[in-house]
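Take a look at the structure below.
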Amino acid sequence: MTMTILQILWNDIFPLFAFIGCGWFLDSKFKIDISTYSKLTVYVVLPCFVFFSIYKYEPHPQDWSLVPAALLLMVLLFVLSGGVAKWLDLSPQDKADFQAISTFSNSGHLGAALVMLVFSHDPFVVNGETPYLTTAMGTMAILMILMNVAVNTWGGALIRSDSDKRIHLFPALLKMPVFYAVLLAVLVRFSPFRLEGTFLYPVFTHFDGAFIVLVMITIGLQLHRTHLTQVNHFNVAAAVLKLLVSPLLAWLFITVMGQWSPEASQVFFLYAAVPSSLTLVLYGIEFRSDPQILTQSVIFNTLIGIVTITAAIYLARILFPVGL
């Protein structure tokens, strides 16, 4: 067990946080324009990554039920966090922040990079190949898109204090390049045209590495600009819901459904275990006069996630073993 956990830390956790540390260091030494990194991620790297993942994806028919399961997971977390917020006697604004932090995860950045690393090495390598990586990344791409939609509509609406402005989130949603990447991937999949053999195929294969590097450095930049100064009941309760209750609910869903492939089950379990979305911090900075509680909680959530994600990877291998 000890050796397995050390291998998980070495192969899956340390690489991610090495790049996050690079982002932290760069931002501490140089004046980094974080908006440039964000634009590269949102408009180039992420759409290409999603397009290629879905293009290669060969889903099991039963795996499509992951979508309603992911929606139900978000609804349950939202309801549970509302009950906990009431028990903690939070103000309406703090309650909205608490529910957003407890419900929405960083699956579009940290989660996708994590799944890519997990399925890229032993015990998922067979004869030097990674046969489970394509399925895992296709599954994660679908869940990631769903979470991105939720964060940028539902999550953004929670953070915005002016409810009259919430309607503007939906037109903005249509401007997200990732949706057009999905549409294009589906069209290409069902057309006679194939990328294999064209000059585009090797170009897209390079976006896997670019995705991990750019996204993790961007997270490091964001973390450097948000300092954790205190830990309180708000932070701890939100972390318990997002990092412990969420994967527990995911395990219950997988057990009850009993029809997903082992790869899809592991991906869904890891998707549920990912810390809170850093996009919420950006919304807080833009729409709140004092986003300190929100940003503090997201950072605390992310730091504690180092331990809980390691445990989630270990448990996923035991609970949903892939037939190697």
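Over all pairs of distinct alpha carbons, what does the Kirkwood formula give as the hydrodynamic radius of the chain, in Å?
About 20.1 Å, per the Kirkwood formula over Cα pairs.
For the pair TYR201 and VAL44, what calculated FRET efficiency results from E = 1/(1 + (r/R0)^6), where r is the Cβ-Cβ distance and R0 = 25 Å, to the nearest 0.05?
The formula returns an efficiency of 0.90 here.
How do the peptides 63-74, 188-199, 294-305, 122-133 rank, highest first, by the average count of neighbouring beta carbon atoms within 10 Å per residue?
294-305, 63-74, 122-133, 188-199
Once fully extended, how much extra length lies between ARG189 and VAL307, figured as 0.36 nm per residue of separation less the alpha-carbon to alpha-carbon distance?
38.6 nm
Go through VAL50, THR36, TRP87 and say which Cα lies farthest out towards the positive end of the charge dipole of segment 15-319; charges sit on Cβ, +1 for Lys and Arg, -1 for Asp and Glu.
Checked the options; the winner is THR36.
Between ALA70, VAL125, GLN292, whose Cα lies farthest towards the positive end of the dipole of segment 15-319 when Lys and Arg beta carbons carry +1 and Asp and Glu beta carbons carry -1, centred on the Cα centre?
Result: GLN292.
Per the Cauchy relation, a quarter of the hull surface: what is the mean projected area of the convex hull of the alpha carbons in segment 185-314, in nm²?
The Cα convex hull of segment 185-314, projected and averaged over all directions, gives 11.6 nm².
Expressed as an acute angle from 0 to 90° and rounded to the nearest 10, what is the orientation of the C-alpha long axis of helix 246-257 relative to the principal long axis of the chain?
In the chain, helix 246-257 runs at an angle near 50 degrees to the longest axis.
Once you have the Cα-Cα distance between ILE34 and THR153, take 0.36 nm times their residue separation minus that, and quote the gain in nm to one decimal.
Length gained, ILE34 through THR153: 40.6 nm.
What is the pair-distance distribution P(r) of segment 18-163, computed from all Cα-Cα distances in 5 Å bins starting at 0, with each bin given as a whole percent?
2, 8, 13, 16, 16, 16, 13, 9, 4, 1, 0, 0
Check SER105: other-chain or 5+ apart residues with amide H under 5 Å from its amide H, H built from backbone geometry?
SER277
To the nearest 20 debye, what is the magnitude of the charge dipole of the chain about its Cα centre, counting +1 on the Cβ of each Lys and Arg and -1 on the Cβ of each Asp and Glu?
420
Could you work out the helix-only [θ] at 222 nm for the chain, with each DSSP H run of four or more residues adding -39,500 (n - 2.57) and the total divided by the number of residues, to the nearest 500 deg cm²/dmol?
Calculated at 222 nm, the ellipticity per residue is -20500 deg cm²/dmol.
For TYR180 paired with PHE17, estimate the spin-label separation in nm (one decimal), with each label point 7 Å from Cα along the Cα-to-Cβ line.
For TYR180 paired with PHE17, the spin-label model returns 3.9 nm.
None of the figures in this text is laboratory data; all of them are computed from the coordinates on show. Please read all numbers here as calculations on a predicted model, not as lab measurements. Cβ atoms come from the backbone with ideal geometry, glycine included; neighbour counts cover every protein chain shown.
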